[in-house]
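Trainee: Please read through the structure below; I'll follow up with questions.
Coordinate-derived values only; no laboratory data. Please read these numbers as outputs of a predicted model, since none were measured by experiment. Ideal geometry is used to build each Cβ from the backbone, glycine not excepted, and the neighbour counts take in all protein chains shown.
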Amino acid sequence: MITLPPNVVDIITNAEGKALATYVPDCLHVVPVSTVKVKDDKILLVNYFMGQTLSNLQANPQVSLACWRGLSGYQIKGEVAYVTSGEVFDEIKNWVAEILPDRVVNGVLIITPKAVYDVSATIEKPGQKIL
């Protein structure tokens, strides 16, 4: 398992922009995402109203998450487990109730990172794999 360095966790949790990509044959799908938490080197992403994304994940659990702040960012490629009950779901549901009380949590995507790329806007290391 990959251990996410603090600078990567910081960008993921405090990103100005985040986009999640899924893929099945004949369907590349990218959506903006909002509420994200990192716990035990797994990325927990909240599903408020995903449709096509969930359909794609049932067929192919491989995802790519891009997160950026200013000109710094990372792409995390990983595998997703989707939960709608249990300890992680309850923890996230309670957390969201505190920070966004009007939102309804339909599920949680648990992303296990497999690779991390630096996608910062630099000449020195564009797209360089760091983990």
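Trainee: Which value in nm describes the separation of the simple spin-label points at residue 77 and residue 2, placed 7 Å from the Cα toward the beta carbon?
Mentor: My value for the distance between the label points is 0.9 nm.
Trainee: Nothing charged except the Cβ atoms of Lys and Arg (+1) and of Asp and Glu (-1): what's the magnitude of the dipole of the chain about its Cα centre? Round to the nearest 20 debye. Numbers along the way, then the final one.
Mentor: Numbers: 11 positive and 13 negative charges, 46 e Å.
Computed about the Cα centre, the dipole is about 220 debye.
Trainee: Give the residue from 47, 92, 20 lying farthest towards the positive end of the charge dipole for segment 6-129; charges sit on Cβ (+1 for Lys and Arg, -1 for Asp and Glu) and the dipole is referred to the Cα centre.
Mentor: Looking along the dipole axis, the top candidate is 20.
Trainee: In nm, give the distance between the simple-model label positions of residue 23 and residue 106, each being 7 Å from the Cα along the Cα-to-Cβ direction.
Mentor: Reported label-point gap for residue 23 and residue 106 is 2.5 nm.
Trainee: Further, regarding this structure: Under 12 Å from the Cβ of residue 8, count the other residues' Cβ atoms, weight Lys and Arg +1, Asp and Glu -1, and hand me the total.
Mentor: Values: positive: 69; negative: 10, 41, 118.
Around residue 8, the charge tally is -2.
Trainee: Excluding same-chain residues fewer than 8 positions from residue 129, which lysines have a Cα within less than 16 Å of its Cα?
Mentor: 77, 114
Trainee: Sorted by mean Cβ packing within 10 Å, highest first, what order do the peptides 69-76, 22-29 take? Please report the intermediate quantities before stating the final value.
Mentor: Numbers: 69-76: 17.5, 22-29: 13.0.
Per-residue mean Cβ counts within 10 Å order the peptides as 69-76, 22-29.
Trainee: Once you have the Cα-Cα distance between residue 90 and residue 14, take 0.36 nm times their residue separation minus that, and quote the gain in nm to one decimal. Write out the running numbers ahead of the final one.
Mentor: Working: separation 76, 0.36 × 76 = 27.36 nm, distance 2.24 nm.
Gain on stretching residue 90 to residue 14: 25.1 nm.
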